[in-house]
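The values are calculated or read from the model by the stated rules, or taken from the named source; none is laboratory data. Every value quoted in this text rests on a predicted model; they were computed, and no experiment measured them. Cβ placement follows ideal geometry from the backbone for every residue including glycine, while neighbour counts extend to all protein chains displayed.
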There are 2 protein chains.
Amino acid sequence: MPRSHQRRPALIHVATADLDVLDVLHALSDPTRMIITRTLYDDPERACGTFPVEVAPSTLSHHFRVLREAGVIHQREEGNRRLTTLRRADLDERFPGLLDAIVSAYDRRSGEGG
Amino acid sequence: MPRSHQRRPALIHVATADLDVLDVLHALSDPTRMIITRTLYDDPERACGTFPVEVAPSTLSHHFRVLREAGVIHQREEGNRRLTTLRRADLDERFPGLLDAIVSAYDRRSGEGG
């Protein structure tokens, strides 16, 4: 295996059956992580640098890891890019209505300029 | 005012219009706070010492404060007791379906012994 492929640790994803609602709530309780999630709710797949957040790369990596470990997002490598998707079907299967209710609540808040 | 009435600071409650969904998600992302919330979801009003949690009194006070400041619970003094209620109507008004979806997700988790 070429050396360049060994630099990044493998991306771990939690199984749908093992999703924990407290981990999901924690992941979504942060403003940056909510913006990432809200962006993916509308957009099927995005490269890591394309989210409308202004944080340092290391901070962004941390937020992606929290979201990934909670099972909110899925990430895969494609060449030099890391592509992120929302695990919407998995979340809906495990916790019906939860993601929609949270995004809807967040949109009401944003709509009021809060 | 008698001295005994001055010992405790006044209980501050956030207005329904000012409830922040990220604060609510953060408040509910902790196992002890979720047990408190889940208990109140079934029970209209409870005294502080009667929740099925095993934590030190100071820790419990901290958890109540986080829940109160997020607008999840309301507390009032009655004699020597502090009585706690869930702000279900306020939460439902501000974030329709959110509390039910979270409790439902939590119950699925608990039901599976997770």
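Taking the numbered list (1) in a helix (DSSP H, G or I); (2) farther than 21 Å from A:Val24 by Cα; (3) away from chain A (no Cβ under 11 Å); (4) touching a residue at least 40 places away in the same chain (Cβ under 8 Å) in turn, B:Leu67 passes all entries but (2).
Sub-8 Å Cβ pairs linking a first residue in the range B:86-100 that is more than 13 Å from B:Ala15 (Cβ to Cβ) to a second residue that is in a helix (DSSP H, G or I) and of a type in the set (Ser, Thr, Tyr), at least 6 apart or interchain, are B:Leu86/B:Thr37; B:Leu86/B:Tyr41; B:Arg88/B:Tyr41; B:Phe95/A:Ser104; B:Pro96/A:Ser104; B:Gly97/A:Ser104; B:Leu98/A:Ser104; B:Leu99/B:Tyr41, ordered by first then second residue. Whether a residue is at pLDDT 95 or above and either in contact with a Lys or Arg (Cβ under 8 Å, 6 or more places away or on another chain) or small (Gly, Ala, Ser) (or both) was assessed, and B:Ala27 passes this test. A:Ile36 falls short on exactly one of the conditions (1) touching a helix residue (DSSP H, G or I) at 6+ places or on another chain (Cβ under 6 Å); (2) among the β-branched types (Val, Ile, Thr); (3) outside any loop (DSSP other than H, G, I, E, B), and that condition is (1).
Here's a check for you: in the range A:77-109, which residue that is assigned to a strand (DSSP E or B) and in contact with an Asp or Glu (Cβ under 9 Å, 6 or more places away or on another chain) is farthest from the other protein chains (Cβ to nearest Cβ)? Quick ask: steps written out before the conclusion?
Step one: list which residues in the range A:77-109 are assigned to a strand (DSSP E or B), which gives A:77-78, A:81-86.
Next, only the ones that are in contact with an Asp or Glu (Cβ under 9 Å, 6 or more places away or on another chain) stay: A:83-86.
On the way: A:Leu83: 26, A:Thr84: 20, A:Thr85: 21, A:Leu86: 16 Å.
Only one residue tops the list, namely A:Leu83.
Within the range B:19-33, how many residues are touching a residue at least 60 places away in the same chain (Cβ under 8 Å) and either of a type in the set (Asp, Glu) or outside any loop (DSSP other than H, G, I, E, B) (or both)?
In the first step, residues of the range B:19-33 are kept if they are touching a residue at least 60 places away in the same chain (Cβ under 8 Å); the result is B:19, B:21, B:24, B:28.
From what's left, either of a type in the set (Asp, Glu) or outside any loop (DSSP other than H, G, I, E, B) (or both): B:21, B:24, B:28.
The qualifying residues number 3.
Summed over the range A:29-59, residues that are crowded, with 18+ Cβ neighbours inside 10 Å, away from every other protein chain (no Cβ under 14 Å) and farther than 11 Å from A:Thr84 by Cβ total 0. For the range A:45-63, filtering for residues that are part of a helix (DSSP H, G or I) and either within 17 Å of A:Val21 (Cα to Cα) or out of contact with any strand residue (DSSP E or B) (no Cβ under 7 Å at 6 or more places or on another chain) (or both) leaves 9.
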